[in-house]
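Nothing in this text is a laboratory measurement; each read-out follows from the coordinates by a stated rule. Being a predicted model, the structure only gives us computed values, none of them experimental. Ideal geometry is used to build each Cβ from the backbone, glycine not excepted, and the neighbour counts take in all protein chains shown.
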Amino acid sequence: MAAIELDGVTKRYDGGLGLPGRSSDPVEALSDLDLTVREGDIYGFLGPNGAGKSTTINVLLDFVRPTAGSARVLDLDARTESQQVRERVGVLPEGFSPYDRLTGRQHLDFAIESKDAADSPSEIAERVGIADALDRKAGGYSKGMAQRLVLGMALVGQPDLLILDEPSTGLDPNGAREMRDIVRAERDRGATVFFSSHVLGQVEPVCDRVGILRDGELVAEDTVEGLREAAGGETTLTIDVERLPDDAVTAVRALDGVSTVRADGQRLTVDCADGAKTTVLSTLEDNGAPVADFDTTGASLEEVFASYTTGEPEVRA
Amino acid sequence: MSTLAVARKDFQDAIRSRVLLGLTGLFVLFVAGASYFFARIQPAPGGGDPTALVLIFSLLTPASLLVPIIGLALGYKAVAGERESGRIKLLLSLPHSRLDVVLGKTLGRTSVLVVPIIVGFAVGAAVIFWQSSRFTPVNYLAFAFVTVLLGLAYIAIGVAISSATTSTFRALIGGISLLAVLEFLWQQVLIAVVYLVNGLSLPQQPPGDWYYFLQNLPPGSAYSSAARSLLPQNPTTLAITGPTPDAFYLQDWFGFVILAVWIVVPLVLGYLRFEGTDL
């Protein structure tokens, strides 16, 4: 069974308000989107701002209704069985604001009551790192604390699926790491995690699968490794050596996965497959060229992402 | 269950707001002041000691203006405000239906309104007791109850407008316009309609029952009718209200029906609009 299943989902927003003189062209936020998220996966939903990530999530939660197509969440119809869906889903929405006059505890109590759950607000607050602010009014929370509070609300009731929309917004690097730890822990508990981000670095370390959305269409979907390979996997190694015998250059050139080698005095520039980096370095050492320093550039997933989301959808093979 | 959770949270939130404090203060001042004024200065019909009944009648008109304003003030932000701030996503990420939101908000805001009405009327009762030898708590409680109904009608109207729009500004403008038409301009609107329907002249013969029915249609008028129906039919009452017409829809008790319609119909329309829309 799939945790999330989108089938040909299209969402068009009519331009303007239908008032004369104020209409604009209709905007297609999602175009015939098919998407399947397997149960138990951490699925990273990547794309630049405006690609349709939030619209997709809004469709899953019945916040917006698709123009065409259908969405199923946990094998329930997202439109007609939305309330049952939300009983089993924990959500960290995007663009929310907390109730200024209610304390963190009251927020968590509300989620616990709404979900008919038996969680303890203090334990959840401890988990998301707002224990010391639990009895303060949420109006005084920073963006990051509000984000943690609402993540806590999402964790209430051990949901089968977590939907996190740009979860690292407002979090410092430490907070983002804690967020990823929670995401992993939830997956290990058996939950499926679907989270969107426009920042690749948030997705890369934690996701089992990644889907890249651009202009309302899924332009790539694979594992992190798979995406890296699709991008060619070429890494450019710049190596400074203490000595550079010709034998060493020849040996490196002969290695599998090495495409070009340029020698310039004591500096060697090698284009090679991502996996061949360590072999290149050890081959140099073995052939009388001790490595003083080296640097790697290119072929990061960052570039893969950029090539999918800015240029043509096709990447170099 | 879900509706109650939303209502409770809404009340928790609103009870901490200065709005409630302001409303309570305003309403206490109003009831106490008016009670004192009518007990002290306004002579009762036929002279003599003013009865609580007379006081209640004296409070009807000012209450029918103040309570609608308070009701709308409480209602207009209920849903549109949540949409503007994004809190609606927090609310609807949890397993609540949109109907739960509309009903829960209405219930929560009504509880908020009940607080100033109870406090206000308690203070008013003390003033009346102090100024008048005859105090009838049962009538007074009935009056408080009908006043809550009027508030509920305007909260329902406010929440309905709030559910049907995306901006609190539009909800506010809509609420004020409706209040102006229903409570301040209704007679003029009716006359204008009759004038137009009658071929740009006013009819010579007196209008039929339907005209009086339309006159009684705004929540404020329905409130006055409903309040009158709860008071004992004694000479004092009759001296103030005059004889009642025969048609059932012109009877005072029909005010309750009209108030109920003002509560239910806006909520249904507002909900249907909210249910069909993208957030």
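Computed values, structure above
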| read-out | value |
| --- | --- |
| Lysine pair count for the protein assembly as shown [Cα-Cα under 18 Å; pairs on different chains or 8 or more apart] | 12 |
| Average beta carbon contacts from partner chains per residue of B:21-28, 10 Å cutoff | 0 |
| Value of relative contact order over segment B:63-218, rounded to a whole percent, pairs C-alpha under 8 Å and six or more apart | 38 |
| Nearest-0.05 FRET efficiency for A:Arg38 and A:Asp132, computed from C-beta distance (R0 45 Å) | 0.75 |
| Which of A:Asp172, A:Asp62 has the fewest Cβ neighbours within 10 Å, and the rest in rising order | A:Asp172, A:Asp62 |
| Relative contact order (%) - criterion: Cα under 8 Å, at least six apart; region: segment A:1-115 | 27 |
| Span-rule helices in chain B, defined as complete DSSP H runs reaching 30 Å or more along the axis (Cα) with Kyte mean at least -1.0 | B:18-40, B:52-75, B:98-131, B:137-164, B:254-275 |
| For chain A: span of alpha carbons on each principal axis (Å, largest first) | 73, 52, 41 |
| FRET efficiency, B:Leu21 to B:Ala180 (Cβ-Cβ, R0 41 Å, nearest 0.05) | 0.95 |
| Histogram of C-alpha separations across chain B, 10 Å bin width, % | 7, 27, 30, 23, 11, 2, 0 |
| Gaussian network model of chain B, Cα within-10 Å springs - most flexible of B:Val138, B:Val114, B:Val257 | B:Val138 |
| Relative contact order (%) - segment A:234-298, alpha-carbon pairs under 8 angstrom, separation at least six | 51 |
| Segment A:42-53 - phi-based ³J(HN,Hα) in whole Hz, Karplus 6.51/-1.76/1.60, Gly and Pro as x | 9, 10, x, 10, 9, x, x, 4, x, 6, x, 5 |
| Isotropically averaged projected area of segment A:26-161, using the convex hull of Cα atoms (one quarter of hull area), nm² | 9.3 |
| Alpha carbon Rg of segment A:234-298, scaled by the compact-globule rule 2.2 N^0.38 Å | 0.94 |
| Span from the segment A:238-262 Cα centroid across to the segment A:144-210 one, whole angstrom | 43 |
| Global form of the protein assembly as shown, assessed from the alpha-carbon gyration tensor, a/c cut-off 1.5 | prolate |
| Other protein chain Cβ atoms within 10 Å, averaged over every residue that makes up A:152-161 | 1 |
| Cα centre as origin, Lys/Arg/Asp/Glu Cβ charges: chain B dipole, Debye | 760 |
| Simple Cβ-charge dipole of the protein assembly as shown, Lys/Arg +1 and Asp/Glu -1, about Cα centre, in debye nearest 20 | 3940 |
| Nitroxide proxy distance, nm - points 7 Å out along Cα→Cβ at B:Arg273 and B:Ala122 | 3.7 |
| A:Asn174 versus A:Gln266: modelled label distance in nm, points set 7 Å from Cα along the beta carbon direction | 4.1 |
| Furthest towards positive pole of dipole, A:Gly139, A:Leu161, A:Phe194, structure part segment A:2-229, Cβ charges | A:Gly139 |
| Charge sum, other residues only, whose C-beta stays under 9 Å from A:Leu161's C-beta, Lys/Arg counted +1 and Asp/Glu -1 | -1 |
